[in-house]
Amino acid sequence: MATTSPSPSATDTSSAPIPLRERLLAWKEILETANPPAIRPLDTVGKWLVITRAAVFPMTIWSGLIGGLLAVDAARVSGGAPVDWTLFLLATVGLVVAHAANNMINDYFDMTGGVDSEGYVRALYAPHPILAGWVTKAQLRNAILIMNVIGAAIMLGLAAVRGPLIIAFALAGLFVSVFYVAPPLRLKHRGLGEPGVFIVWGPLMVGGTFLAATGTIEPWVLLVSVPYALIVTAVLFGKHIDKIAADTDLGVRTLPVILGEARARLVGQWLMILFYPLTVAAVLAGWVGPWVLLVGLAIPRLLGVLKVFGQAKPLEPPPGYPERGWPLWFVAYAFLHTRRAGGLLTLGLVLNALLPIVLPLPWLG
């Protein structure tokens, strides 16, 4: 079972310089496992990659890229507003900064609120920044403040060009981010965390990046964000299914706690399944080009994940399962599917821009 303490190499404070190759390999391992490297030294960058849970940033990067690439597609197909690539990329960076702050906010308030402890799931699958002794509460709070200051600067810079609606999108996301675990709302504790994540990673992130890139927002963009938002929400569903027993004991009423494990697993399956017909529907509606149908290549991965969600969690990790990821189970598989499907969706949008194909859809005139 994983513990909150990093390996001896991860706590090496020797002043000997770490070769660049070793640093890069350590960072790669962190981004793949969400844990400190097993045998390589851990530098300051690597430490903060673990603390901010950078392994899950791809979900946010896909949201930003989807929003910006939808803007590119709209400008090409329907003569929409031209895309400002600098603002597009700046908005995507802002989303990642916000996600880093969100992850640290969750750890801070769950720890100070009595949820996270040495025996709670969060401290078992990866080091908890405070419980593992990596940072103090004050240091984590300061890091959260720094990330939010950077995010606010990006927001104000974008708003100066695109107008105050950018601020509305950003503050809505910040509201969900903070009150996901912070009192008095504690959305996660009331079965509202999952809907909050759906809204943030879909309409707010995708729509906000589209707005930053073009200065406009269209209703169809918010609708096209729904399929991707569903599979991100499936990841959170998987994590909360993994934590049902622990959350029930603490009175944390996530949606899986409210639904019960069997029904929650079924909901998780449908969140992932619906991604595919809804993506096809977006193509048939003429909102996106047909290259996004490349997401079909993720179906083999989907089928394997659906099989996992169709059964109860094993009592111990099976042979070959990463020991440091235990006791997480459903979330790991849901994340692998979301990373694959989100990546293919993004690739499809890139190809729509570079190699456009027009389907003969008579109902579009």
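In segment 68-90, the residue that is modelled with the lowest pLDDT out of those that are small (G, A, S) and touching a Ser or Thr at 6+ places or on another chain (Cβ under 9 Å) is G80.
Scanning segment 314-365 for residues that are more than 30 Å from R76 (Cβ to Cβ) and among the basic types (K, R) yields one hit, R324.
In segment 83-140, the residue that is surrounded by the most Cβ atoms within 10 Å (Cβ to Cβ) out of those that are among the polar types (S, T, N, Q) and more than 16 Å from the chain's Cα centre (by Cα) is T112. Residue by residue through segment 302-331, note down the ones that are at pLDDT 95 or above, surrounded by fewer than 22 Cβ atoms within 10 Å (Cβ to Cβ) and part of a helix (DSSP H, G or I). Those that are at pLDDT 95 or above, surrounded by fewer than 22 Cβ atoms within 10 Å (Cβ to Cβ) and part of a helix (DSSP H, G or I): L302, L303, G304, L306, K307, V308. As a summary of the residue check, I357 satisfies the conditions (1) in a loop (DSSP other than H, G, I, E, B); (2) more than 27 Å from G68 (Cα to Cα); (3) in contact (Cβ under 8 Å) with a residue 40 or more places away in the chain except for the one numbered (2).
Determine whether I18 is at pLDDT below 95, open to solvent by 90 Å² or more (accessible area, probe 1.4 Å) and in contact with a helix residue (DSSP H, G or I) (Cβ under 9 Å, 6 or more places away or on another chain). In short, no.
Considering P195, P183, the condition of being at pLDDT below 95 and open to solvent by 30 Å² or more (accessible area, probe 1.4 Å) is satisfied by P183 alone.
Got at least one residue in segment 165-180 being open to solvent by less than 20 Å² (accessible area, probe 1.4 Å) and free of Cβ contacts under 8 Å to residues at least 60 places away in the same chain? Yes, the conditions are met somewhere in segment 165-180. If the condition is being in a helix (DSSP H, G or I) and either without any contact (Cβ under 8 Å) to a residue 40 or more places away in the chain or farther than 13 Å from I105 by Cβ (or both), then segment 124-149 contributes L124, Y125, K137, A138, Q139, R141, N142, L145, I146, V149. Checking each residue in segment 245-265 for being in contact with a Ser or Thr (Cβ under 6 Å, 6 or more places away or on another chain) and hydrophobic (A, V, I, L, M, F, W, C) picks out only V257.
Filter segment 274-289 down to the residues that are part of a helix (DSSP H, G or I), farther than 20 Å from E218 by Cα and open to solvent by 20 Å² or more (accessible area, probe 1.4 Å) and list them by number. Those that are part of a helix (DSSP H, G or I), farther than 20 Å from E218 by Cα and open to solvent by 20 Å² or more (accessible area, probe 1.4 Å): Y276, P277.
Scanning segment 280-301 for residues being of a type in the set (D, E, K, R) and either over 23 Å from the mean Cα position of the chain (by Cα) or at pLDDT below 95 (or both) gives a total of 0.
If you go through segment 238-255 and keep only what is open to solvent by less than 10 Å² (accessible area, probe 1.4 Å), without any contact (Cβ under 8 Å) to a residue 60 or more places away in the chain and farther than 19 Å from W326 by Cα, you end up with nothing.
Does V178 meet the test of being modelled with pLDDT under 95 and either closer than 28 Å to D110 by Cα or in contact with a strand residue (DSSP E or B) (Cβ under 7 Å, 6 or more places away or on another chain) (or both)? Judged against the criteria, V178 is a match. Condition (residue is part of a loop (DSSP other than H, G, I, E, B), small (G, A, S), at pLDDT 95 or above and touching a strand residue (DSSP E or B) at 6+ places or on another chain (Cβ under 6 Å)) applied to segment 160-171: is it met by at least one residue? No, every residue in segment 160-171 fails to be part of a loop (DSSP other than H, G, I, E, B), small (G, A, S), at pLDDT 95 or above and touching a strand residue (DSSP E or B) at 6+ places or on another chain (Cβ under 6 Å).
For L65, state whether it is of a type in the set (A, V, I, L, M), closer than 20 Å to E218 by Cα, modelled with pLDDT of 95 or more and crowded, with 16+ Cβ neighbours inside 10 Å. Answer is yes for this residue. Scanning segment 25-51 for residues that are outside any helix (DSSP H, G or I), open to solvent by less than 20 Å² (accessible area, probe 1.4 Å) and touching a residue at least 60 places away in the same chain (Cβ under 8 Å) yields N35, P36. Within segment 52-78, restricting attention to residues that are assigned to a loop (DSSP other than H, G, I, E, B) and not β-branched (V, I, T), the residue that is nearest to P327 (Cα to Cα) is R53.
The values are calculated or read from the model by the stated rules, or taken from the named source; none is laboratory data. Computed from a predicted model, the values in this text were never measured in an experiment. No Cβ is skipped: glycine too gets one built from the backbone with ideal geometry, and neighbour counts run over all protein chains shown. SASA here: full protein model, heavy atoms, side chains in, ligands and nucleic acids out. Shrake-Rupley method; radii C 1.70, N 1.55, O 1.52, S 1.80 Å.
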